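Undergrad: Mind having a look at this structure? Questions to follow.
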Amino acid sequence: MSSVNVGWFLLSQTIYSIGSFAIMLILLKLRFRKHIKTIIVVSILNSIINYLVYFNTGHIHLGFIVPIISVLITFLYLSAVTKVPTLWSFIVTVTGGIVVPVVIQLAITFGSLGYFMPNELKNHIDRNYALDTISGVICCLVAFILYTRGWSFRFDFDKLRFKWERITVITISVLASISLPTAIVVLNIHDITKGLTFLCISSFLAFVFLLGYALKKEKDENDYLNPFKEVRHHD
């Protein structure tokens, strides 16, 4: 396999991540354009984390944390940014954020007449960049078609909203921002490299970034409820 090109890797992974968010949100009539800046930041941070894990020489055993981090980031984005109830956030993360993009990528792989088959991807790293980029672009195109045609699903998410949700989201964000970097350090206590250091920092920043939205969500809800509390108290 040829050596990795950091720029192309981050770009292709970011495009794929944005495409995954687009089709997931549009498919369920959730706002995409309103939070596009947030999606781009989250996608870039996730791409950096993927790069630091996959190409951290001597620490291949850390590969298992990539799907964990991706799922947590998507789940927290839905809960904290788009304010989807936690149970629905988990369901949407699995179906729209993982299954649908993977199905599209598999369709591209098997429809490429062998160009994107696993052996080719292993021997030609540039084809990995192409596959991720094409997958992301197609996800965006499918999302655009769904949006313009109105072909999407609408659910009453609030029926499954619980009072303890915002505390749960904040707790998960705090635990993830602390526990994942800590676990990385503990697993490699005798071999801390610059790559691992940047990995810890990137994962910490990703979850702190989403924690900020979770805290803002709680503040907004409190600001909304306070006037009603004051009226009741006045009466």
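Undergrad: In the list 147, 213, which residue meets the criterion of being at pLDDT 85 or above and within 19 Å of the chain's Cα centre (by Cα)?
TA: Selected residue: 213, the only one of 147, 213 that is at pLDDT 85 or above and within 19 Å of the chain's Cα centre (by Cα).
Undergrad: Out of 49, 73, 65, 44, which single residue is at pLDDT below 90, within 30 Å of residue 204 (Cβ to Cβ) and either in a loop (DSSP other than H, G, I, E, B) or out of contact with any strand residue (DSSP E or B) (no Cβ under 8 Å at 6 or more places or on another chain) (or both)?
TA: 65
Conditions tested, residue by residue: (1) surrounded by fewer than 15 Cβ atoms within 10 Å (Cβ to Cβ); (2) of a type in the set (Lys, Arg); (3) under 25 Å from residue 82 (Cα atoms).
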{"residue": "118", "(1), (2), (3)": "yes, no, no"}
{"residue": "121", "(1), (2), (3)": "no, no, no"}
{"residue": "127", "(1), (2), (3)": "no, yes, no"}
{"residue": "131", "(1), (2), (3)": "no, no, no"}
{"residue": "141", "(1), (2), (3)": "yes, no, yes"}
{"residue": "145", "(1), (2), (3)": "yes, no, yes"}
{"residue": "148", "(1), (2), (3)": "yes, no, yes"}
{"residue": "157", "(1), (2), (3)": "no, no, yes"}
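Undergrad: Testing residue 159 on (1) part of a helix (DSSP H, G or I); (2) under 16 Å from residue 88 (Cβ atoms); (3) in contact (Cβ under 8 Å) with a residue 24 or more places away in the chain, one condition comes back false. Which one is that?
TA: Here residue 159 meets the rest and fails (3).
Undergrad: Considering segment 164-191 alone, what residues qualify as being at pLDDT below 80 and farther than 22 Å from residue 67 by Cα?
TA: Of everything in segment 164-191, those that are at pLDDT below 80 and farther than 22 Å from residue 67 by Cα turn out to be 189, 190, 191.
Undergrad: While we're here: What are the pairs, 6+ residues apart or on separate chains, where a residue within segment 117-140 that is within 23 Å of residue 98 (Cβ to Cβ) has its Cβ under 7 Å from a residue that is part of a helix (DSSP H, G or I) and acidic (Asp, Glu)?
TA: 127/120
Undergrad: Kindly indicate whether any position in segment 165-178 is more than 25 Å from residue 92 (Cβ to Cβ) and either assigned to a helix (DSSP H, G or I) or touching a residue at least 60 places away in the same chain (Cβ under 8 Å) (or both).
TA: Checking segment 165-178: at least one residue is more than 25 Å from residue 92 (Cβ to Cβ) and either assigned to a helix (DSSP H, G or I) or touching a residue at least 60 places away in the same chain (Cβ under 8 Å) (or both).
Undergrad: Sticking with this structure for a sec: Check whether at least one residue in segment 58-75 is surrounded by 15 or more Cβ atoms within 10 Å (Cβ to Cβ), out of contact with any Lys or Arg (no Cβ under 7 Å at 6 or more places or on another chain), touching a residue at least 60 places away in the same chain (Cβ under 8 Å) and over 27 Å from residue 175 (Cβ atoms), and report yes or no.
TA: no
Undergrad: Against the definition (surrounded by 14 or more Cβ atoms within 10 Å (Cβ to Cβ), among the β-branched types (Val, Ile, Thr) and assigned to a loop (DSSP other than H, G, I, E, B)), how does residue 137 come out, yes or no? Spell out how you get there, then give the answer.
TA: Numbers: surrounded by 14 or more Cβ atoms within 10 Å (Cβ to Cβ): yes; among the β-branched types (Val, Ile, Thr): yes; assigned to a loop (DSSP other than H, G, I, E, B): no.
Judged against the criteria, residue 137 is not a match.
Undergrad: If you don't mind, another one. Taking the options 199, 160, name whichever one is at pLDDT 85 or above and out of contact with any strand residue (DSSP E or B) (no Cβ under 7 Å at 6 or more places or on another chain).
TA: Result: 199 is the single residue among 199, 160 that is at pLDDT 85 or above and out of contact with any strand residue (DSSP E or B) (no Cβ under 7 Å at 6 or more places or on another chain).
The values are calculated or read from the model by the stated rules, or taken from the named source; none is laboratory data. Quantities reported herein were computed from a predicted structural model and do not represent experimental measurements. Positions of Cβ are generated from backbone atoms using ideal geometry, with glycine treated the same way; all protein chains shown enter the neighbour counts.
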